[in-house]
Every structure is written in C-alpha cells, then in structure tokens.
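The values are calculated or read from the model by the stated rules, or taken from the named source; none is laboratory data. From a predicted model like this one, the values you see are computed outputs, not experimental measurements. Cβ atoms come from the backbone with ideal geometry, glycine included; neighbour counts cover every protein chain shown. We work out accessible area using only protein heavy atoms, side chains counted, and drop any ligands, DNA or RNA first. Shrake-Rupley method; radii C 1.70, N 1.55, O 1.52, S 1.80 Å.
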Amino acid sequence: MIFKLAYKNIIGAGFRTWLNIFILSLSYFVIIALQGFYVGWQDDASREMKNWDFAGGQYWQETYDPYDPYTLEDSHAAIPEDLQKLIVEGEAISILFSPATIYPERRMRNIVLKGIDPDQNLVELPTKYLADPDNEINCIIGSGFVDNLNIKEGDYIVLRWRDKNGTYDARDIKVAHVFSTTVLTVESNQIWISLPTLQEMLGLPNEATIITIKDETYNKEFSGWQHKDLDFLLIDLTNMIKAKTIGSSIMYILMLFLAMLAIFDTQVLSIFRRRKEMGTMMAMGMTRPKIIQLFTLEGVLHAVLAILMGAVYGIPLLNHFQKVGMQIGMDAKEWGLSGLNDALYPVYGWKLVVGTIILVLITVTVVSFLPTRKIAKLKPTDALRGKMTK
Amino acid sequence: MKKELIKIEKMTKNYPIGGGKFTALRDIDLEFKKGEFTGIVGPSGSGKTTLLNIIGSLDTQSEGDVNVMGNSIRKLSSKKAAKLRSQHIGFIFQTYNLLPVYTVFENVEFPLILLGMSSEKRKKAVLEALEWVGLSDKAKSRPAQLSGGECQRVAIARAIVKKPDLVLADEPTANLDAENSHHILKTMKKLNEDLGTTFIFSTHDAKVIQYLRRKISLLDGKVDKDEIVNGG
Ligand SMILES: Nc1ncnc2c1ncn2[C@@H]1O[C@H](COP(=O)(O)OP(=O)(O)OP(=O)(O)O)[C@@H](O)[C@H]1O
Ligand SMILES: [Mg+2]
C-alpha cells in the first residue's frame, strides 16, 4: 500500500522531481561508464602483456632484477632440465639478456640485448625475422624505440658487447623488422636477436636469464630460479590502473554527491512543502512510522526510476562505446602507459552494474531517510497548519 | 437513553505564546452522546477548531480530562491516537486538505486503504460516497481541477466514506452555495439517522444551524450556551 502511494506521489509530481531523477540517472551512467573504461583498459592491457611478454608466467634467474641494470651481466644460468623439456615441447621459451652498446648515427646508446628462439610461437614477437640466413645478425626492434633511435628497417647498426670473459667484440647487425606493440616491456631500450646467436656471442651455450612458460598453473621450484606468477608480473599494471582509478574516484564522489544532493533537495523540499499533506494523513489515521516509510520510499523510488531512465539512454550509449571504443586521443606510450591502444573498448560486467546500482541505492536510501526524521517530531495540528515544529 | 461517546471535564487548553501562554479554551465541561447532530458556534477565535482538534486526538488539552470512546486523549500514544482516528473518526477541514497528486477517487479511497480494506470493497464504498456528495462524474479529476465547493464535497466524502462513528467537521459548508449546502446537510442527516453516526460541526452558517439538534455557543474559549434546538 505504501508502495502504491509513493509511486503515485512521484508519478504525479512535477518537473523538478524528474530533473532530480535525471541527475540521479546521470550519476549511475557516469560511474558505470568510467568504471567500464578502467576495466576495459585493464583487460586489454593485461591481455596484451600476456600475449607479448608474460604468457603464463616466468622463471627469473635469481640475480635478475629488472630495476637494476648492473645485475644484467651476471643474470644467467643453465636452464633446469624440467624447463628444458618444456622448451623442447614448445611449452616454454628461454630468453637470454645481456647489456650491450649500439652506435646509431655515431651516437652511443646503452641497451639490453635479448636473445630469443626464432622458431618460438609462445609470444607475439615476430621472431621469425631473426633467422640468420646469410651469416648476418638480424634483429627486431619495437617501432617506438626505432623512432627514438632515428633508424629504420633495413638499416645496419654497430653493436658492441662483452662476452663471459669480459672481452669486447663488435659487429654490424641488420634491423630485419620493426614491430609495433603496446607493451613497453618488450620494446623500450632493447633489441631482440636470435638466442643461439646471442649464446654464441657471449659464450654461454644453453643458458638463459628468464624462461617464459605457457601454463599458468605450473609452479615447480628450481634452485637458482624464482617463479614469478602473473599476479606478480602484472602488479605494475594493476597498481598503475588502481592509481588512475583512485584519481577517477574523485569523479565518483562528485557524482554520488550530486545524486545525494538531488535526493536531499527533493526530500527536504517535499517534507517542508508537504507538511499539510502529512497533517492530513495523520488526521486520517496514518501513523508516523508509516508516513516516514512513505517519504523514504518516495526517495528510494526516485533512484529506481533513475535506473530505468538511465537504462533508456545509458544502454545504447554504453553499447556504442563498446562497439566503436573510446578514442583516447593521446599517445599512450608518451605517458608510459602500457597496453593502451588508441581506442579503448570498455567492459561492463554485471558486477560493475549491480555494484553501482546498489551503491547508489544505499546512498539514496540513507539520504532519503535522514530528512524524514523531522516528520517524527511533527504535531498533527502544526502539520495541518503548515507549520514546522522545532 | 443514548450512550455517552465523548466526555470533557474541566478542560483547559493553553497555547504557548512567546514566553507566556494564551488560553484558547477554559474550563470546558461537555458531554456528547452517540448519534448527536451538534453544532459549535461562536465568533472567530472563540476556540471552535481547537475543541474539535482535541476531540479528534490531533491535539491534547492542557488541563482536565477528555475521554473519547473510552480513550483518555492525553494518555494516548501517537500510534493509538492514529488508530482511533483511522477506525472511528472522520475529519472535514476548514481548508479541505485534499492530497493534490491523487484523483478525487483516490483521495476518497485513502482512509479505506489505511483500514486495509480490499480494493473491491473500497471501490464500492468510494463510488457510494461520491454519489452522496454528487460528484460521481468527477472521480477521475484532480483537486486542482475542482472548484472550492467541489473540493469541500470531496473532503466530506472522504470523511464519511468509512462510515465512522464520529465525524468532526470544521465549517463544512463555508464554501458551498445554498443548494449544495442543503444537499450535503441532508446527506449527513441521513447518515446520522440511518447509521447513528455522530456529527459535531463548527459553523457560522445559518443554514447548518437549522439542521442541528443541539447548539453549543463558545465565547472567548468558554461555553456560553448549550441548548437543544429544532425540537432535539
Ligand atoms: N497553535 C497555536 N498557537 C497559538 N495560538 C493559537 C494556536 N492555535 C489557535 N490559537 C489561538 O487560539 C484561539 C482559538 O483558535 P481557533 O482556531 O480554535 O478559533 P476558531 O473558533 O476555530 O476560529 P475561526 O472561526 O476563525 O476558525 C485563537 O485566538 C487563535 O489565535
Ligand atoms: Mg476554526
């Protein structure tokens, strides 16, 4: 019965009420759209990072520390037998790292040289270009780094490195292919060549720095090697997106605040303007708790109607975003954001939608209820005269 | 002998005003029996509305006892008072007090919803009440679309639709023309005779006075005269 009354009161109410419902629906929409953007980004980015770099996880030779370039020279060891088996079966690949120097246009540049099996197909790196047919050393480089070095496909660059005994050697290598990726960890400041070639150059046959494996659940322990699962490998991304999300939570708070304001406005206004109505209801024998219920429910119904209104324009709009993607309009790499394509395809899970709806509903219920406590203090005669006590 | 419905003893009502108080009703002793058709008359400010509000448990007296259908008004919790009003009392206000977003039908239906009546029964009772007040054709209108007199008739229909034991009417004919006033008064009189509904009016209206059986005159918050009229 209360429900029916509340419903009638809202449907019969004026423009201002509908404006408030619209504002509420906007806050649902903005929160869901923004969240979908970040979920989409995270999904995209982590998929790209797995495809290009991490696959199902990695083993790192225990001295290897990506944040300390001085460890690089010593970060190599013989591949454990079990992992070697996986490599043979195509379930894993080994990668050897070495510090090196290149001289593009006679300038000196310190880089990381990475050796990878040209026949691998575990990660998306186009390693087939690394086969060295005519006794040349072929390398592949990411497009971002190539631009940075101001060289192009087909160019030769001078490479200088030190073998395991500390002896320097140098050679011209050919930029056989330039690949384009969104994953910075396989692009920035590094050059890829064939693994056997690198092993020979360094005098480190059958050694590796990291071993990338296909199976996410594989986590056998090997001494001298540390298993890094995907949670660990993706933590930078997760943290970065979290940081961005927190930045955007100011936006949520703003939207929620707007929603609260819309409801509070409606509620306070109606409680002050409709005192006489309440007095009449009291005179007819409606109890105070029932009247409080009625007014609270009216507030909550605003939020429910806002869901419907938001759905009317929100679902087509969100679908549209999902189909064409959101144009970000900036060079993501410049910002150091891995895995961010030009267009981002937001993802709207039911958890996100339901979560947002519940969040807004709870907020609205509380904000609706607060002003109604005034009703409890209202004397019927004062209410009838349109007066507010206390 | 008719049964005693309302008993007021040495009742005084003070309103706080600024730091002091204003005595709106003073030393009232009154009894009302079931089935009365009584008018309270008096100049503006004499305390008519105040008296009706206290009888209807919308307000409480400052001193003395007021007993309505076995309930001591001052001791009544707000929940019990609401129940008393819902089940036994119908109000007609000086200013109609219709609920603006509801149709005429829904306004009249409201007290029945509070009583938890089934929708079928409600519909029958509402249509009957609208017929009494001659507004059957306006059931779907909203209060804003009605004239003052029509609003007053809706308010009357709303008060009598549940066939309460007691109807408290504050100037019910103030906005009605002669024809409508007589029609309404006859309707109330018929309810009073057929169902034994007790009516207490406040009024200035000579037309109402000719229907009354008892006339109580208030003057400055005191009972000035209490007389049987029109042969009782
Ligand atoms: N809430 C209140 N606070 C202070 N004084 C009040 C209050 N309500 C009524 N009064 C005063 O009590 C007196 C009686 O008021 P009441 O409304 O009962 O008069 P009435 O006989 O119904 O008058 P009318 O014919 O104009 O409706 C008036 O002088 C009024 O100013
Ligand atoms: Mg009055």
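Just need the relative contact order of the stretch A:70-159 here, percent rounded to a whole number, with Cα pairs under 8 Å and 6+ apart.
Relative contact order, the stretch A:70-159: 23 percent.
Need one number: nm distance between label points at B:K222 and B:K207, each 7 Å from Cα along Cα→Cβ, rounded to one decimal.
Computed distance between label sites B:K222 and B:K207 equals 3.4 nm.
So what's the Cα pair-distance distribution over the stretch A:133-261, bin width 5 Å, in %?
Using 5 Å bins, I get a P(r) of 2, 8, 12, 13, 14, 14, 11, 9, 6, 4, 3, 2, 2, 1, 0 for the stretch A:133-261.
Given 0.36 nm per residue, what is the gain on full extension from B:E63 to B:D177 after removing their alpha carbon distance, in nm?
Extra length available between B:E63 and B:D177 comes to 37.1 nm.
Could you work out [θ]222 nm for the protein assembly as shown from helices alone, using -39500 (n - 2.57) per DSSP H run of at least four and dividing by all its residues? Round to the nearest 500 deg cm²/dmol.
-14000 deg cm²/dmol
Which value in nm describes the separation of the simple spin-label points at A:D82 and A:W350, placed 7 Å from the Cα toward the beta carbon?
3.9 nm
At most 10 other Cβ atoms within 10 Å and a DSSP loop assignment: could you name the chymotrypsin sites (Phe, Trp or Tyr not before Pro) in the stretch B:96-165 that fit?
Counting only loop positions with at most 10 other Cβ atoms within 10 Å, none of the chymotrypsin sites (Phe, Trp or Tyr not before Pro) in the stretch B:96-165 qualifies.
In the stretch A:87-161, what trypsin sites (Lys or Arg not before Pro) fall in a loop by DSSP, with at most 12 other Cβ atoms inside 10 Å?
Those that pass, being in a loop and sparsely packed, are A:R107, A:K152.
Using only the Cα atoms of chain B, what do you get for the radius of gyration and for Dmax, in Å?
Values for chain B (Cα only, Rg and Dmax): 17.3, 53 Å.
As an exercise, use a Förster radius of 22 Å and the Cβ-Cβ distance of B:K140 and B:E120 to find the FRET efficiency, rounded to the nearest 0.05.
0.70
Work out the P(r) tail for the stretch A:1-101: percent of alpha carbon pairs separated by more than 21 Å, whole number.
Of all Cα-Cα pairs in the stretch A:1-101, 66 percent lie more than 21 Å apart.
State to the nearest 20 debye the size of the charge dipole of the protein assembly as shown about its Cα centre, where the only charges are +1 on K and R beta carbons and -1 on D and E beta carbons.
6480 debye
Among the aspartates and glutamates, which fall within straight-line cross-link reach of A:K174, defined as a Cα-Cα distance under 15 Å, with same-chain neighbours fewer than 8 residues apart omitted?
Partners within reach: A:E105, A:D132, A:D134, A:E136, A:E153, A:D155.
Of B:K75/B:K225; A:K4/A:K290; B:K83/B:K225; B:K75/B:K121, which ones are farther than 24 Å apart at the Cα?
Those over the limit are B:K75/B:K225; B:K83/B:K225; B:K75/B:K121.
Any chance you could run the full-extension gain for A:D236 through A:N219? It's 0.36 nm times the residue separation minus the Cα-Cα distance, nm to one decimal.
The A:D236-A:N219 span can extend by a further 4.0 nm.
May I ask for the distance between the Cα centers of the stretch B:138-153 and the stretch A:177-215, given as a whole number of Å?
Taking the Cα centre of each part, the stretch B:138-153 and the stretch A:177-215 sit 86 Å apart.
Please identify every one of the trypsin sites (Lys or Arg not before Pro) in the stretch A:208-240 that sits in a loop by DSSP and has no more than 16 other beta carbons within 10 Å of its own beta carbon.
Filter output for the stretch A:208-240: A:K214, A:K220.
Give the residue from A:F145, A:Y103, A:Q322 lying farthest towards the positive end of the charge dipole for chain A; charges sit on Cβ (+1 for Lys and Arg, -1 for Asp and Glu) and the dipole is referred to the Cα centre.
It is A:Q322.
Probe radius 1.4 Å, ligands and nucleic acids left out: can you give me the accessible area buried at the A-B interface, summed over both chains, in Å² to the nearest hundred?
By this definition, chains A and B bury close to 2000 Å².
Rounded to whole Å and sorted largest first, list the principal axis extents of the Cα atoms in the protein assembly as shown.
So the extents along the principal axes, rounded to whole Å, are 133, 45, 42.
Quick one: if the Förster radius is 22 Å, what FRET efficiency do B:E128 and B:K34 give, using the C-beta to C-beta distance and rounding to 0.05?
0.45
Using the 2.2 N^0.38 Å rule of thumb for compact globular proteins, work out how the stretch A:58-228 stacks up: its C-alpha Rg over that value, please.
It is 0.99.
Would the stretch B:115-169 count as rounded, prolate or oblate if I go by the C-alpha gyration tensor, calling it rounded below 1.5 in a/c and otherwise prolate when a/b exceeds b/c, oblate otherwise?
The shape class here is oblate.
Once you have the Kirkwood Rh of the stretch B:1-88 from its Cα pairs, apply Stokes-Einstein at 20 °C and 1.002 mPa s and quote D in µm²/s.
Calculated translational D: 156 µm²/s.
Going through the cross-link list B:K7/B:K124; B:K123/B:K190; A:K276/B:K34; A:K85/A:K152; B:K33/B:K80, which pairs have a Cα-Cα distance over 26 Å in this structure?
Pairs exceeding the cut-off: B:K7/B:K124; A:K276/B:K34; A:K85/A:K152.
Which lysines, if any, have their Cα less than 22 Å from the Cα of A:K244, not counting same-chain residues under 8 positions apart?
Result set, ordered by chain and number: A:K50, A:K333, A:K351.
Considering Cα pairs under 8 angstrom that are at least six residues apart, work out the relative contact order of the stretch B:4-228 and quote it in whole percent.
Averaging sequence separation for qualifying contacts and normalising by length gives 29 percent for the stretch B:4-228.
Which one, A:W225, A:I241, A:Q61, projects farthest toward the positive side of the charge dipole computed for chain A from Cβ point charges (K/R +1, D/E -1)?
My answer, from the dipole projection, is A:I241.
Taking the Cα centre of each part, how many Å lie between the stretch A:257-282 and the stretch A:69-135?
What the calculation gives is 69 Å, centre to centre.
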